[in-house]
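Take a look at this one; I'll ask things after.
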Amino acid sequence: MTEINKEIAARIEKITSDRRAISSHYDLPPEFFMNFLGPRMAYSCAYFTDENNDLISAENDKLRLKTNKLRLENGDRILDLGCGWGSFLFFAAEKYDCEAIGITLSNEQAMFVNEKAKLLGIQNRVHADVEHVYDLDYETESFDKILTVGAIEHIEDLNLTFSNANRLLKESGLFLVHGMTRPWATRSLELDGLRTEVDDLVEMHFGVGHWKSLWEVVQALELSSFEVLDHENITHHYQLTVRRWLDNLQENEDIISDKIVPDEKYREFIAFMAAYIVSFEMSNTICNQLLCQKHMKDTLRQQGPLTREHMIL
Ligand SMILES: C[S@@+](CC[C@H](N)C(=O)[O-])C[C@H]1O[C@@H](n2cnc3c(N)ncnc32)[C@H](O)[C@@H]1O
């Protein structure tokens, strides 16, 4: 086999194994996730303007925050890398009349998004494809905004992922990266082959985990020709979110366990949420939102907002 063929074979093998891993976590009945994530089925950190807010309003605030940061405008064409069950796609289409395309590695999620879009009569504006972020076949410079929320933790090659995003974005396009990282103290131990049991549990449960440190994420963004405009640490918001997911799982045990998923799967999710909470308490997990812009040019800089006031809820 030539070197190039070997590289292609390794890439195909990687994509296949990622698909298998993601499927084992996400290809469960959507009603299972609905019973703890809530009606929007957003599987990522919510945003609490008040610690006592319920999950539904914190999810809505998270969606508003993201649209503010991305400066979403009516008719924008957006791409969501790792779209889950489409919470952002539907929000952007409803509120901003966007054409919203999502990619996921889960067949169940793509089917859910496409069926829901049909039911709502917006299948011409909302769509999900089963694609790997390494392998995106959309037209170059065809999106106004791109985001990725809760997916970088699953992705090994961020350089390739972010370069793909850069290629697909229009010249002034904004890119929002929302995801978890490890503090360098933990990550450097990990790179030396030392890991905690909590990390093992969290990553095992997710099927595939590639948590980096924040500087590795920023390095990959810069290597892919993005300029970082803004960073917000939202770790405390994730602690509040996971606590509510765990409460919902426990409250809905009778509905879920052995009815929607086997008891064993239900207990795995309980253990996972608890491990997550411990990981936050050990300061081992950080959650970030990074806003970036493609090829920042001085003329674009002058058109942008002077302050971050527009982001604030
Ligand atoms: C934790 S969920 C977040 C879903 C959604 N962004 C949200 O906030 O609800 C992670 C998503 O990333 C997707 N994903 C993970 N690895 C991926 C990859 N290599 N290529 C495409 N999608 C991927 C999963 O299929 C899933 O939809």
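Based on what the data block shows, is Ala10 more than 12 Å from the ligand (Cβ to nearest atom), open to solvent by less than 80 Å² (accessible area, probe 1.4 Å) and without any contact (Cβ under 8 Å) to a residue 24 or more places away in the chain? It would help to see each step written out before you state the result.
Numbers: more than 12 Å from the ligand (Cβ to nearest atom): yes; open to solvent by less than 80 Å² (accessible area, probe 1.4 Å): yes; without any contact (Cβ under 8 Å) to a residue 24 or more places away in the chain: yes.
Here the answer is yes, as Ala10 does meet what is asked.
Would you pick out the residues in region 13-45 that are more than 9 Å from the ligand (Cβ to nearest atom) and in contact with a Ser or Thr (Cβ under 8 Å, 6 or more places away or on another chain)?
Hit for region 13-45 is Asp27, nothing else.
For every residue, the table says whether it meets (1) among the hydroxyl-bearing types (Ser, Thr, Tyr); (2) farther than 24 Å from Leu246 by Cβ; (3) touching a Gly at 6+ places or on another chain (Cβ under 8 Å).
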{"site": "Phe33", "(1), (2), (3)": "no, no, no"}
{"site": "Leu37", "(1), (2), (3)": "no, no, no"}
{"site": "Tyr47", "(1), (2), (3)": "yes, no, no"}
{"site": "Ala117", "(1), (2), (3)": "no, yes, yes"}
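Additional query: Looking only at region 87-109, filter to residues that are closer than 18 Å to Glu31 by Cβ and more than 8 Å from the ligand (Cβ to nearest atom); which one of those is surrounded by the fewest Cβ atoms within 10 Å (Cβ to Cβ)?
Restricting to residues being closer than 18 Å to Glu31 by Cβ and more than 8 Å from the ligand (Cβ to nearest atom), the top hit is Asn107.
Only residues that are assigned to a strand (DSSP E or B) and touching a Lys or Arg at 6+ places or on another chain (Cβ under 9 Å): list them for region 152-178, please. Don't jump to the end; show me each part of the working.
Here is the first cut: in region 152-178, the ones assigned to a strand (DSSP E or B) are 169-178.
Selection gives Leu169, Lys170, Glu171, Ser172, Gly173, Leu174, Phe175, Leu176, His178.
Take Trp215 and decide whether it is open to solvent by less than 10 Å² (accessible area, probe 1.4 Å), under 19 Å from the mean Cα position of the chain (by Cα) and among the aromatic types (Phe, Trp, Tyr).
no
Please identify the pairs in which a residue from region 252-268 that is crowded, with 16+ Cβ neighbours inside 10 Å has its Cβ atom under 7 Å from the Cβ atom of a residue that is among the β-branched types (Val, Ile, Thr), counting only partners at least 6 apart or on another chain.
Tyr266/Ile256
Do any residues in region 84-98 that are closer than 22 Å to Arg19 by Cβ have Cβ atoms under 6 Å from those of residues that are assigned to a helix (DSSP H, G or I) and open to solvent by 20 Å² or more (accessible area, probe 1.4 Å), where the two are at least six apart or on different chains, and which pairs are they?
Trp85/Phe112
Let me ask something else. Collect the residues in region 21-47 that are open to solvent by 60 Å² or more (accessible area, probe 1.4 Å) and either in contact (Cβ under 8 Å) with a residue 24 or more places away in the chain or outside any helix (DSSP H, G or I) (or both), keeping them in residue-number order. Steps first, answer last, please.
The first filter runs over region 21-47 and keeps only residues open to solvent by 60 Å² or more (accessible area, probe 1.4 Å), leaving 24, 31, 34, 39-40.
Of everything in region 21-47, those that are open to solvent by 60 Å² or more (accessible area, probe 1.4 Å) and either in contact (Cβ under 8 Å) with a residue 24 or more places away in the chain or outside any helix (DSSP H, G or I) (or both) turn out to be Ser24, Glu31, Pro39, Arg40.
For region 56-83, give me each residue that is part of a loop (DSSP other than H, G, I, E, B), open to solvent by less than 40 Å² (accessible area, probe 1.4 Å) and either among the aliphatic types (A, V, I, L, M) or without any contact (Cβ under 8 Å) to a residue 60 or more places away in the chain (or both). Steps first, please.
Residues of region 56-83 part of a loop (DSSP other than H, G, I, E, B): 70-76, 82-83.
Still in the running and open to solvent by less than 40 Å² (accessible area, probe 1.4 Å): 70, 72, 76, 82-83.
Correct list: Leu70, Leu72, Cys83.
Continuing with this model, one more query. Against the condition of a type in the set (A, V, I, L, M, F, W, C), more than 8 Å from the ligand (Cβ to nearest atom) and open to solvent by 20 Å² or more (accessible area, probe 1.4 Å), how does Phe112 come out, does it pass?
On the way: of a type in the set (A, V, I, L, M, F, W, C): yes; more than 8 Å from the ligand (Cβ to nearest atom): yes; open to solvent by 20 Å² or more (accessible area, probe 1.4 Å): yes.
Yes; evaluated as a whole, the condition is true for this residue.
The values are calculated or read from the model by the stated rules, or taken from the named source; none is laboratory data. These numbers come from a predicted model, not from an experiment. Note: ideal-geometry Cβ built from the backbone for every residue, glycine included; neighbour counts use all protein chains shown. Areas reflect the complete protein model, heavy atoms only, side chains present, ligands, DNA and RNA absent. Shrake-Rupley method; radii C 1.70, N 1.55, O 1.52, S 1.80 Å.
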